[in-house]
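Written below as structure tokens is the structure these notes are about.
The values are calculated or read from the model by the stated rules, or taken from the named source; none is laboratory data. Computed from a predicted structure; not experimentally measured. Don't worry about glycine lacking a Cβ; one is built from the backbone with ideal geometry, like all the others, and counts go over all protein chains shown. The accessibility values were calculated without ligands, DNA or RNA, using every heavy atom of the protein model including side chains. Shrake-Rupley method; radii C 1.70, N 1.55, O 1.52, S 1.80 Å.
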Amino acid sequence: MTPSRRDFVRSAALAGAAFAFPGAEWLGAAARRGAPKPFRSLPPAVQDDEAYWRMVRSQFLISPRGIYFNTGTVGASPRTVLDAVVKHMTAFETVFDAESVDVEALRRSVGSLLGAPPQTLAFTRNTTESMSWIAGGLDLQPGDEVLMTTHEHVGGMCPWQAVTKRRNLVLTQIPLPVPPTSGREIVETWRRAIGPRTKVMMISHVLFTNGLIQPVKELCAIARERGIITAIDGAHPPGMLRMSLTDLGCDFYASSPHKWLLAPKGSGLLYVSEAWVDRLWPTIVSGGWDALPDKAVRFDRKGTVNDSLYAGFQAAVDFHNLVGPERVERRIRWLADRLYDGLSRIQGVELKSAADPALRAPMISFTVRGWTTDDLIKALWERGMVRVRHVAEYEYHWVRLSTHIYNTPEEVDRVVALVGELAARRS
Ligand SMILES: Cc1ncc(COP(=O)(O)O)c(C=O)c1O
């Protein structure tokens, strides 16, 4: 870095202490105790260099002892999110200093980030809950078919299994090519599977198994032409990919912002399109459940909830916007590309994720010849404290690595080198 850049990074970091973004107070106090200082923004010239990303990393509590490559299961929240939750909860417990959370402001910021009118969004605890609201809230008839792939997570799939059993529906799972080669191939696989009784297509926007980004917009258009309802398992994309829910054209979208958006654990979202907002039956009901003009907001009326999580959710959206959705997506996909390229050069590694970066979310899955996945994961843990996900579902047994903004190119290179050493031992 040139001296002027270095000076700027330093002065921006120092100046950051005075800025009022969520968590600034706490971070200011932490800074005085010698902990990393908060930041606000940097000019474009230095925004993408490693000094900037080190500063971003300093906003997280992740221990430097290990390498966290499992955002796909749950994200690590930045300090500002944790602080917002703790601050709200602490004030609440004093009883008389309790602060209210502006839930409608949160709905507006989430709507603007995800391209949806605020009133089409309801807050839930996670994707599993949101998908349960969708599957349980439709009037499906015996014999109706629900279509999905053989890459579904239990959280997106089981709500449909239960309703299938209860109402005598038909649940069909279609295999997808591994590794996926093109969006066209995915669309054609779905198109061939649609039958006369297909009433619902449950589509994972990003597959948890190998990070495939499915062509959801195209699939929703095909479904719409045939009068098929689309329920999207969108556990991953918010905070990972820039997106517009209205543009996708789906009927329903279920998500877990505690993954890539780094919100507090227990932050879920349910999107109900304008076409369905007054037709979906609520699963949990309280006063106002039938106030149709309130749109999806009526699904929020389910008794007492933990408002402190909303305070943290707002801080997570603010943090994401502060770094910038475009910059986040570019960085995490760049790290995943580096990982994919590194792994692809190792003899014995079999990649399960798409070779085409456009089809690939930052979750890379693979196996290594001569290694069981259990042994490989154990070796990665023992030798490098690398936290990964074992995709054991459907007997796939793949190792999955996720990259987020708190990961570094050095961590990626370290894991690639480790896998290389392990692969060489048994090839
Ligand atoms: C594709 C997919 N759907 C649903 C879920 C369930 O998410 P949650 O536990 O937040 O409900 C996950 C979790 O990993 C997932 O990957």
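Taking 7 Å steps out from each Cα toward its Cβ at residue 91 and residue 189 produces label points 4.9 nm apart. Considering only the Cα atoms of the chain, their convex hull presents on average a projected area of 22.2 nm². Counted over all Cα-Cα pairs of the range 267-408, pairs farther apart than 18 Å make up 70 percent. Pick from 304, 149, 230 the residue whose mean-square fluctuation is largest in a GNM of the chain, springs joining Cα atoms under 10 Å. In the Gaussian network model the winner is 304. Cβ-Cβ distance of residue 279 and residue 301, R₀ of 22 Å, FRET efficiency by 1/(1 + (r/R0)^6): the value works out to about 0.80. By DSSP, the beta bridges lying fully in the chain are antiparallel in about 55 percent of cases. Comparing 96, 252, 123 in a Gaussian network model of the chain where C-alpha atoms under 10 Å apart are linked, the largest mean-square fluctuation is found at 96. Taking each DSSP H run with n ≥ 4 as -39500 (n - 2.57) and averaging over every residue of the chain yields -13000 deg cm²/dmol at 222 nm. Averaging 1/r across all pairs of distinct Cα atoms in the range 189-294 and inverting the result yields a Kirkwood radius of 15.1 Å. Peptides 75-86, 370-381 ranked from most to least packed give 75-86, 370-381, packing being the mean of other C-beta atoms within 10 angstrom over each peptide's residues.
Scaling the Cα radius of gyration of the range 144-193 by the globular reference 2.2 N^0.38 Å produces a ratio of 1.27. Using the Cβ-Cβ distance between residue 291 and residue 108 with R0 = 22 Å, the FRET efficiency computed as 1/(1 + (r/R0)^6) comes to roughly 0.65.
Cα centroid separation, the range 362-427 to the range 114-181: 30 Å. Remark: the range 257-358 carries 41 Å² of accessible area per residue (probe radius 1.4 Å; ligands, DNA and RNA excluded). For residue 199, the aspartates and glutamates whose Cα comes closer than 16 Å to its Cα, not counting residues fewer than 8 places off in the same chain, are 139, 144, 145, 225, 251.
Rounded to the nearest angstrom and listed largest first, the equivalent-ellipsoid semi-axes of the range 56-172 from its Cα gyration tensor are 36, 22, 14. For the chain, carbon and sulfur atoms together expose 55% of the accessible surface, with a 1.4 angstrom probe and every protein chain in place. Working from label points 7 Å from Cα in the Cα-to-Cβ sense, the residue 334 to residue 74 distance is 3.0 nm. For the chain, relative contact order (Cα pairs under 8 Å, six or more residues apart, normalised by length) works out to 20 percent. Of the cross-linked pairs 87/259; 302/352; 165/378, those separated by over 31 Å at the C-alpha level are 302/352; 165/378.
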